[in-house]
Amino acid sequence: MNVLLSIRPCYAERILDGEKKYEFRRRIFRKDVESIYIYSTSPVKRIVGVLRIEQIIEGTVEMIWEECSSGAGLSREEYFGYFENKEKAFAIKIKEVQAFDEPVDPNVISEDFVPPQSFRYVSNDFHSGSTLDNLTDQKKNNKLYAIFTKMISLFFGKSISRLRDSVSRWVRIKKR
């Protein structure tokens, strides 16, 4: 099981940069979660990476700060402001993080995407098959296609639109 976690852009960036070793939460998801997809909230509104969990630490707000402040990636004021009027805190210790080469627009995965207020469970194949992996492959293929058509048009002196039509017909024939 995996989770899509909404994180403010400044904190998402600190996680991806390795500066923030813990993500703090007021409530936590189930213990069998293996990976967290990072949804960077407005104005970014993209899935920017994935992280693996080393452990989840539960305790009082003060205890968690004592234990995790060196890798918090935020100030004492930010931390205690977030947990104002709360007694319990959770710290997700980050084992490893991988930033996506190109952030993914979640609306491409699901047209009716609504960002989670805190987190949302997603399936283990959320990133494979027709979702994130395919989107990455499509972007690579589109770039290769653009480079390919440009090279051929320069070589043969054809207009790009005529060449694109020819290549598209060739690709359809090859797929049959």
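Some points to look at:
- Odd one out for PHE100, checked against (1) on the phi < 0 side of the Ramachandran plot; (2) buried (at least 18 other Cβ atoms within 10 Å of the Cβ); (3) out of contact with any Gly (no Cβ under 8 Å at 6 or more places or on another chain): (3)
- Those helices (runs of 4 or more DSSP H) of the stretch 61-135 in which 3 or more residues are modelled with pLDDT of 95 or more and more than 19 Å from ILE7 (Cα to Cα) occupy 61-68.
- Screening PHE24 against (1) at pLDDT below 95; (2) crowded, with 19+ Cβ neighbours inside 10 Å leaves a single unmet condition, (1).
- Some residue of the stretch 34-54 being over 19 Å from SER118 (Cβ atoms) and assigned to a strand (DSSP E or B): yes
- Hits in the stretch 71-91 (condition: in contact (Cβ under 8 Å) with a residue 60 or more places away in the chain and surrounded by 14 or more Cβ atoms within 10 Å (Cβ to Cβ)): GLY73, LEU74, LYS88, ALA89, PHE90, ALA91
The values are calculated or read from the model by the stated rules, or taken from the named source; none is laboratory data. These numbers come from a predicted model, not from an experiment. With ideal geometry, Cβ positions are generated from the backbone for all residues, glycine too; neighbour counts draw on all protein chains shown.
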